[in-house]
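The values are calculated or read from the model by the stated rules, or taken from the named source; none is laboratory data. Since this is a predicted model, take the numbers as computed values, not measurements. Using ideal geometry, Cβ is built from the backbone for each residue, glycine included, and neighbour counts are taken over all protein chains shown. Only protein heavy atoms, including side chains, enter the accessible area calculation; ligands, DNA and RNA are left aside. Shrake-Rupley method; radii C 1.70, N 1.55, O 1.52, S 1.80 Å.
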Amino acid sequence: MGKRALITGITGQDGSYLAEHLLSLGYEVHGLVRRVAFEDPERRFSRIRHLLDRITLHPASLESYPSIFHVISRYEFDECYHLAAQSFVAESFADGFSTMSVNINGTHYVLAALRELQPRCRFYFAGSSEMFGNAVEAPQRETTPFHPRSPYGISKVAGFHLTRNYREAYGMFCCSGIAFNHEGPRRGFEFVTRKITNGVARIKAGLACEIRIGNLDAKRDWGHAADYVRAMHLMLQQPEPDDYVIATGETHSVKEFCEHAFAEVGLDYREYVKLDERLYRPAEIELLVGDASKARRVLGWEPTYTFKELIKEMVKTDLELVLKGVKDNASM
Ligand code: GDP
């Protein structure tokens, strides 16, 4: 019989790619979804629409221990991937209290319910390169000290330590992936990569004439989410639980991302990208670049997308989406 997995955050970018990946491996896939999502399925389930008849969704909230406990009490899960979180850094500055509350307590609730009901279920925590923040070394690796620069980053450091402590204190199989930025056509529009590729498509289609961007000099290690979910799964297949950096090892500035994305449609980004200081963050991370050699060595994991291929796919998909929107509007 195939394995059964539970994914929190299944409606998000990573959750949708992970669900696809696990289904392709013969898993029975379950997901936790907020009740409000069931009331607005068209929008909230847009990333998993094509999977809905092959997965089982349960209403539950990261803010409610009983709702999580209830789902985990009904099925035996082999693996649990905890991806749900308030994941947008800028929003975490706007409302640090709810980001910290949902991200830290939510992780603790899932771990506590598993410990109580299914201590043998393997657990994955979605850690983040934001935990490194202003790092003392580059590239960052598993041993690099954390110096988070946002409420989001702080909440992920707390989740990372909770995960490690459940492993050490209770002998549970708990792993954290320290994933660097990972993107793709399903990325939320608030993140800079999708904001840029969507902007490029709208400008190309004549629907917009500029995009407003904040810090163009920040550098990130951008991979493709479809590659990163494979690493999550691999971590839970090892003989021993451990933590791993997941990254491409390459870093590029926001400016370079703009340059390549506009070049995809034959435009010069300098004519369309307008600097907007209101989009700067109170504390910025200037440089992130990861060293994933442990994941390569132990998990046999490698990213398959290059920076240019990632941008190409995102721009192409956004162009198709925008042009389809224009056509649908015209025929209405
Ligand atoms: P993050 O690395 O998780 O914060 O991912 P984001 O995609 O939100 O941001 C990546 C980098 O792009 C950060 O250094 C931001 O300061 C920078 N950036 C510059 N302009 C923008 C913008 O308009 N939106 C976002 N989201 N980020 C921007």
To the nearest 20 debye, region 160-224 has a Cα-centred charge dipole, built from +1 on Lys and Arg Cβ and -1 on Asp and Glu Cβ, of 200
On a 0 to 90° scale, report how tilted helix 192-204 is relative to the longest principal axis of the chain, with both axes built from alpha carbons and the result rounded to the nearest 10. 40
Yeah, the chain with a ≥ b ≥ c from its alpha-carbon gyration tensor (a/c under 1.5 is rounded, else prolate when a/b outruns b/c, oblate otherwise) is prolate
Rounded to the nearest 10 degrees, what's the angle between the helix 65-74 long axis and the longest principal axis of the chain, both from Cα atoms, 0 to 90? 70
Where the only charges are on Cβ atoms (+1 Lys, Arg; -1 Asp, Glu), what is the dipole of the chain about its Cα centre, to the nearest 20 debye? 480
Checking the a/c ratio against 1.5 first, then a/b against b/c, what shape does the Cα gyration tensor give for region 208-260? prolate
Out of residues 5 or more away from TYR305 or on other chains, whose amide H comes under 5 Å of its own, with H placed 1.01 Å from N in the peptide plane? HIS224
CD proxy, 222 nm, the chain: helix-only mean residue ellipticity via -39,500 (n - 2.57) per DSSP H run with n ≥ 4, per residue, nearest 500, stands at -12000 deg cm²/dmol
Determine the per residue accessible area of the chain with all protein chains present and a 1.4 angstrom probe, expressed in square angstrom. 46
From the cross-link list LYS3/LYS316; LYS274/LYS327; LYS195/LYS324; LYS294/LYS316; LYS156/LYS274, which pairs have alpha carbons spaced over 30 Å apart? LYS3/LYS316; LYS294/LYS316; LYS156/LYS274
Per-residue ³J(HN,Hα) for region 150-163, Karplus 6.51 cos²θ - 1.76 cosθ + 1.60, θ = phi - 60°, Hz, x for Gly and Pro: 7, x, 4, x, 5, 5, 6, 4, 4, x, 4, 5, 4, 4
Note on region 1-103: contact order normalised by length, alpha-carbon pairs under 8 Å, 6 or more apart, percent, works out to 33
Unit charges on C-beta of K, R, D, E only; dipole of region 122-277, Debye: 440
Can you give the relative contact order of the chain as a percent, counting alpha carbon pairs under 8 Å and 6+ residues apart? 17
Hey, what did region 210-332 get for relative contact order, percent, Cα under 8 Å, at least 6 apart? 40
